[in-house]
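The values are calculated or read from the model by the stated rules, or taken from the named source; none is laboratory data. The shown structure was predicted, so the numbers you read here are calculated from the model rather than taken from an experiment. Every residue, glycine among them, receives a Cβ derived from its backbone with ideal geometry; neighbour counts consider all protein chains shown.
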Amino acid sequence: MNNTQTLDILGNEPLVLGHQTRSEITEMVARPLDTFPNKKWFIAFLVAISILAMGLSCIGWTFYNGIGVWGNNNPVGWGFDIVNFVFWIGIGHAGTLISAILYLFRQKWRCSINRAAEAMTIFAVMCAGLFPLIHLGRPWLAFWLFPLPNQMDLWVNFRSPLLWDVFAVSTYATVSLLFWYMGLIPDLATLRDRTKNKFKKTIYAILSLGWRGSMRQWNHYETAYMIFAGLGTPLVLSVHTIVSFDFATSVIPGWHATIFPPYFVAGAIFGGFAMVLLLMVLTRQFFNLQGLITMAHFDAMNKVILVTSLIIGYAYTTEFFTAWYSGNTFEFYAFWNRATGPYAWSYWIMVSCNVLAPQLLWFKKFRKSIPVMFGVSIAVTIGMWFERFVIIVTSLSRDFLPSSWGMYIPTQYDVGILLGSFGLFFTLYLLFVRVLPVISISEIKGIMKHSAPVGEKDDV
Amino acid sequence: MKTEKTYWKSFEEIAALSSTPRNDNGGDTSFDISRRKFLSLLGASMALATTSCRRPIHKIIPFVKESEAAKPGIAEYYASSYPISDHSLGVLVKTREGRPIKIEGNPEHPLSLGGTNSFVQASVLELYDPDRLRTPKIKNKKVSVEEWDYLTSSILRHAHKEKKVVRILTESTGSPTLRNTLNSFVSQFSNAKWYEYEPFSHENSRAAYKASFGKAHKPKIHLEKANVILSLNSDFLGADLSAPTYIKNWTSKRKVHDVSATMSRLYAVESRFSLTGANADHRLALKPSELLIFALNLAQLLTHDFDGKKIPSFKHRSSFSEEFIKTVAEDLASNKKKSLVVVGDQESEELHIVGNFLNFILGNYGETISRKIQSPSFFNGIKSMTPLIEELEKEKVDVLITLGGNPVYHLGEKFREALSKVKESIRVSLYEDETAHSSTYIAPLSHYLESWSDQEPETGLYSVGQPTIQPLYPSKSMGEVLVLWGAALEKKEIDALQVWRNAIKSYAQKSTNTTWKKLLHDGVVKTDKISPQNYEFNMAALESTLMLVASRAERNDSGDDIFELQLEPSSKVWDGRFANSAWLQELPHPVTKVTWDNVASMSPETAKNLNVTQENKIEITANGASLVLPVFIQPGLAQNVITTEIGYGRTHAGSVGSHVGVNVFPLIQATNIKVQKVSGSHEVATTQKHHDLMGRPIIFESTLEEYKQEPDFPKKQHHVPEMHSMYKNDHEYKGHKWGMTIDLNSCVGCNGCVTACDSENNIPVVGKEQVLKGREMQWMRIDRYYDTTNEHSPTVLHQPMLCQHCENAPCENVCPVVATTHSDEGLNQMIYNRCVGTRYCANNCPYKVRRFNFFNFNYDMQSPEELGKNPDVTVRFRGVMEKCSFCVQRIHDGKHAAKMEGVSLQDGKIKTACQQACPAEAIVFGDLNDPNSSVSKLSNLSHGYHVLGDLNVKPSITYLAKVRNYHPNLFKFYE
């Protein structure tokens, strides 16, 4: 279809390729939902759900025996559990960023990826939310983390960053879910109108809240969407800021740093975009959506990845500089130990994956090469997981008193639960692509060629 | 008297009940239920079955007359004495509801003065050890007590009548009454003999005294009177049965509270890395073969009284060692009558003779070595056993009775074979150990907490032991068994317990102002009718030593490249007798910090020579035995010296102690060892893997000279910035404000506090696997750092580390559920019920003193272990964080007691468990709000500091910095 590609007057590539009519777009996105899943989907689903089942059995074993089946110890009280939590929360950032911030900035290219990105956010937050609950020594008392009124007047500790986490993550999950659902309403109505299956029709009818597509409804919808985008924007910044407070407000060298909030947010966007990119590449391939998810989209996402990678690289350097410049022996040793200590390998994996690998994206050729961007995204995902490992495990393993230093060695249950969280994520994503449109049908129509009156190109 | 009668009411019950053996509780399998009883049981069980859906109804019935002891909720203390080998320690046994739960030192006892060690602390766990032998057995079949008594008595009656060869082998005992009982029992037979055996005896020391002064004994040493002490491979501060006394005496001359302070100086010359060496001001590591030559060279520097030509000169390996020997000589010479040379108990007779000679020429007898008082020592070593072993091998013994001890484990396979040839072997022991497995008639021995005993811990001092609980099993003490057998020979009925009680009661007459009640209250009685001894050194003893050294020098078997083995008694399991004590197995070795193992310690150079690294395995071959040990690399050992602890590798210790470590008893007399690397590796569980302070503000040290110039040196060495807080005022503590000081100068790192804390606070044992993962639960630990500034001899720093109860605690604000809070009295508290186990507090603790229950570590608790738990302290479930509570239960007890008496709480009334156990009095606890309390005074000393002070977490524990007493000549090596 490349021969049809023409640049607009500003030199931007078109975001929808081909000469589809609106009904063809609807057909393209909604058709998979009407058909029986193919073999590829079933294989993928089977793999994902098996990994999930394995993860759940590891969690069950942990509940039965205690946290001791993991590698956590004294001094490393947090291991894979909290590493995974921060990792998934980070992944969950891209969705809201794409749907809220890019919306406010009128970045049209977001329209074909925002649906999947938001879904991904919700699934990632679900994966993340799992860990603070299962990492408890007594997980059956997890509800104590919420300020529930009780007859003993026991209250939670509002000074604890872990409690702020509870609020931040649950707020983020709620807002993301509502935002996603709101964006879905016009599409749900489309699906309701298309489907011939009575059962599906009922469900879609209930979920579409009586959407008729009237001008008035569109007016309300657009206003509400704008408000949600406005609400979601500070959340993108706040959630990971608060997650970083878990570390920044502590006294442990390597944790206690003022740079953490911006550094964590940048890292989260970085990791989140890499995950969106991975999913979009796969979705595009599976559902033949080359016309809707184009190289222009990938190019834009790769640019975000490159920029955030540079921010991350800068943060790594600043941390080292500050540690040296502060003259604080504990602080300096903590960083020196990261780069040269027993966990140096994890530090260098982190640096190569997060700082070195994305440098390929300086070149347009690589930004438009599916294998390169896929490889880079995988590297970034690995790198961002290791970033959290480096911060949490390396800092804890050697803190103030050398007498108490110790190594953390994960067990098969740690690895099982990590894989299990990926199983959960992909299971949910695979279910999502079967029941909901992966691309926002209504929004994509707004950025089609000739969708806007001539002269008002920039109006969405 | 009336009072006496009332007092002993509870005892009569003990006596009455013990005389009728409790075969129902003892696990006796004999099925003696009559038809009538069977039917009534059947009916009862039917009745129970029909009502079993509700809890059984218990009625609360008040006492008509309240029992004097066993008041619910109130702890009772009984003075007693803890026997180990021929030594003993005066203790107070804390009982709750009639169960002993904690052992404290007896402050009235002039030797312990309230101090204890780990062995004593762990003895309460031994009492409740589920692996104890519970019933008599004959040929491995359980029998009733009556049957066992009858059969063994008839064997002895038969032996008596037929004039058979009867031999009794016991562990050594310092109990005068037991010794008399044994002697009189033996004299009832025409051909009976009593042997006592301890693998770690004072045999060589006694022999040396016999040769030097004509008296085979061991006079008491006064470390508190000596200004200069030289230890020749002695570990008087560590693996020594008198260590609590020695620590107390030695540290009394090491306390530095102001610039006018003086300190004694300790030199250690040793071929292992002992706790004594670790605490020495100067330490020199030698090969075992060099010790004697060193001592003789030192003697030569001090005197010309003997012909020095025969002595090979000591080969110096470094400038440090050259300077060292000169300095020691100089220092000893200038401190005549105020010096002391201490030779290790297990050292050769020759080294002891030289030690005696040195003490003699330094005029220490009558000054730092008592002329009047002797420490207990008996002829109980391997040499005393030789005739018995010979007889056994020749199958000349008809009846062998082994009481206590564990000769099969100590003496090995040969003894086991010899023992199995004996026709009738009778054994009474605490456990079904290696020796019991090779004996025919075995019966349980009463624990010391279940029996009467007496001790003579030094000349003229008697301490008594009283039972604090009825025997848990149908067991008898050694004395009771002997009295019963003795009576059986004469076909008399006798109440053995009564005999023993009367014997103990007779001590009340030893001193004019001691009544029976006072004796039991104090636990000790002193007689002062002791005549001084005369010590005149016999030069002939030295001559023979010189001959021996000369002949050895000709053989020249002590070259640098020859590997030498140095064995030492374990500071945790002693000779293996405590192998089944989980507290002791999990206790880190005071220097290496190894738990659950004995390891082949060697210096890095030795490891290089052997081409091995940490946790490789080596095989040591000598005397036809070869053993495989894991390698443990440790600084501060002489080249090609391998050291390891004895007492491990038990095969029948019980579920905890069997097959832990390697039994090195076969190498105990070994010379000419061969060492080689073997394949495989062995994980060693240590509680500390990093040994360098890295210049961090954790421990500050100085020398006495420098301290006098700059008494506030910790403050000079480390800047603590002022805290700028958003909040105007600090919290005001209106009532008490609890605090602690730990004197690093007094702490020797003996681990007594750690075990005391285990016992007081129901701390679970986690096992080797979990220690390897870094999950040990001890609330208190002793951190040990090496300082290698002196490249020839590393110095060691010990630091007890426990919850610092920070005023500005980082753990408190991070808990999302407020499970750790600050009390109004400055305590950092854990609320177990509220804890959900996020572990955030532990992560944020700069001192890493919080401990998490990764599993339910109390899951496999077996009866009767639960009886030994402290009922005042919660047994924690899995998933809950825990840590030092400053013994909050004791604080409440103290406050309640003061309130009941209507007085204000006095300083020193509340003691934490660690403080109470500490023989060095290094730990002081009290109210910081009381300006006159000792803790306030100590906290304000100029060399007090807070660990990691610059974090501004405001710990409630003040450490008093370490002050060393370097000799000026040697100072240059430590700069």
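Structure values in brief
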{"quantity": "Scope region A:396-405; condition within 32 Å of the chain's Cα centre (by Cα) and at the interface with another protein chain (Cβ under 9 Å from one of its Cβ atoms); matching residues", "calculated": "A:L396, A:R398, A:D399"}
{"quantity": "Candidates B:L827, B:L802, B:L867 - the one that is of a type outside the set (S, T, N, Q), more than 10 Å from every other protein chain (Cβ to nearest Cβ) and under 30 Å from A:A257 (Cβ atoms)", "calculated": "B:L802"}
{"quantity": "Candidates B:I469, B:I504 - the one that is in contact with a Gly (Cβ under 9 Å, 6 or more places away or on another chain), among the hydrophobic types (A, V, I, L, M, F, W, C), over 30 Å from B:P219 (Cα atoms) and not assigned by TED's automatic domain parsing to the domain that holds B:Q121", "calculated": "B:I469"}
{"quantity": "In region A:367-395, the residues that are more than 14 Å from every other protein chain (Cβ to nearest Cβ), among the hydroxyl-bearing types (S, T, Y) and touching a residue at least 60 places away in the same chain (Cβ under 8 Å)", "calculated": "A:S377, A:T381"}
{"quantity": "Hits in region A:136-153 - residues which are within 7 Å of another protein chain (Cβ to nearest Cβ), in contact with a helix residue (DSSP H, G or I) (Cβ under 8 Å, 6 or more places away or on another chain) and not in a helix (DSSP H, G or I)", "calculated": "A:L136, A:G137"}
{"quantity": "Scan of region B:487-504 for residues that are crowded, with 19+ Cβ neighbours inside 10 Å and over 33 Å from the mean Cα position of the chain (by Cα), ordered by number", "calculated": "B:A488"}
{"quantity": "Subset of region B:829-844 that is without any contact (Cβ under 8 Å) to a residue 40 or more places away in the chain and of a type outside the set (K, R) - its residue that is surrounded by the fewest Cβ atoms within 10 Å (Cβ to Cβ)", "calculated": "B:N833"}
{"quantity": "Members of region B:779-796 that are within 11 Å of chain A (Cβ to nearest Cβ) and not in a strand (DSSP E or B)", "calculated": "none"}
{"quantity": "Residue check for A:S160: surrounded by 16 or more Cβ atoms within 10 Å (Cβ to Cβ), facing chain B (nearest Cβ under 9 Å) and of a type in the set (S, T, Y)", "calculated": "yes"}
{"quantity": "Matching residues, region A:154-186, being over 20 Å from A:I122 (Cα atoms) and either assigned to a helix (DSSP H, G or I) or acidic (D, E) (or both)", "calculated": "A:P161, A:L162, A:L163"}
{"quantity": "Selection from region B:925-942 of residues that are surrounded by 19 or more Cβ atoms within 10 Å (Cβ to Cβ) and in contact with a strand residue (DSSP E or B) (Cβ under 6 Å, 6 or more places away or on another chain)", "calculated": "B:F925, B:L928, B:S933, B:V935, B:L938, B:S939"}
{"quantity": "Lone unmet requirement of (1) at pLDDT below 90; (2) of a type in the set (D, E, K, R); (3) surrounded by fewer than 15 Cβ atoms within 10 Å (Cβ to Cβ) for A:R194", "calculated": "(3)"}
{"quantity": "Subset tally (residues that are out of contact with any Ser or Thr (no Cβ under 6 Å at 6 or more places or on another chain), touching a residue at least 40 places away in the same chain (Cβ under 8 Å) and of a type in the set (A, V, I, L, M, F, W, C)) for region B:887-933", "calculated": "7"}
{"quantity": "Residue within region B:594-613 that is buried (at least 20 other Cβ atoms within 10 Å of the Cβ), among the acidic types (D, E) and at pLDDT 90 or above present", "calculated": "yes"}
{"quantity": "Residue within region B:76-89 that is of a type in the set (A, V, I, L, M, F, W, C), under 18 Å from the mean Cα position of the chain (by Cα) and within 21 Å of B:Q889 (Cα to Cα) present", "calculated": "no"}
{"quantity": "Count of residues meeting criterion [touching a Phe, Trp or Tyr at 6+ places or on another chain (Cβ under 7 Å) and closer than 24 Å to A:A357 by Cα] in region A:240-270", "calculated": "2"}
{"quantity": "Residues of region B:316-359 that turn out to be farther than 16 Å from B:T545 by Cβ and not basic (K, R), as a count", "calculated": "24"}
{"quantity": "Helices (runs of 4 or more DSSP H) contained in region B:672-769 and holding at least 2 residues within 22 Å of B:L237 (Cα to Cα)", "calculated": "B:752-760"}
{"quantity": "Qualifying residue in region B:669-691 (condition: farther than 19 Å from B:V612 by Cβ, more than 14 Å from chain A (Cβ to nearest Cβ), buried (at least 16 other Cβ atoms within 10 Å of the Cβ) and not basic (K, R))", "calculated": "yes"}
{"quantity": "Test: residue in region B:262-281 that is closer than 19 Å to B:I229 by Cα, among the small types (G, A, S) and modelled with pLDDT under 90", "calculated": "no"}
{"quantity": "Residue ID - farthest from the other protein chains (Cβ to nearest Cβ), chosen from residues in region A:320-365 that are polar (S, T, N, Q) and under 19 Å from A:V83 (Cβ atoms)", "calculated": "A:S352"}
{"quantity": "Residue, farthest from the other protein chains (Cβ to nearest Cβ), within region B:833-860, restricted to residues that are of a type in the set (K, R) and out of contact with any strand residue (DSSP E or B) (no Cβ under 7 Å at 6 or more places or on another chain)", "calculated": "B:R834"}
{"quantity": "Which listed residue is under 26 Å from B:Y859 (Cα atoms) and more than 14 Å from chain A (Cβ to nearest Cβ), from B:D743, B:D758, B:D730", "calculated": "B:D758"}
{"quantity": "Subset of region B:214-238 (residues that are at pLDDT below 90 and aliphatic (A, V, I, L, M))", "calculated": "B:A216"}
{"quantity": "B:V880 being within 14 Å of chain A (Cβ to nearest Cβ) and either more than 22 Å from B:Q915 (Cβ to Cβ) or surrounded by 18 or more Cβ atoms within 10 Å (Cβ to Cβ) (or both)", "calculated": "yes"}
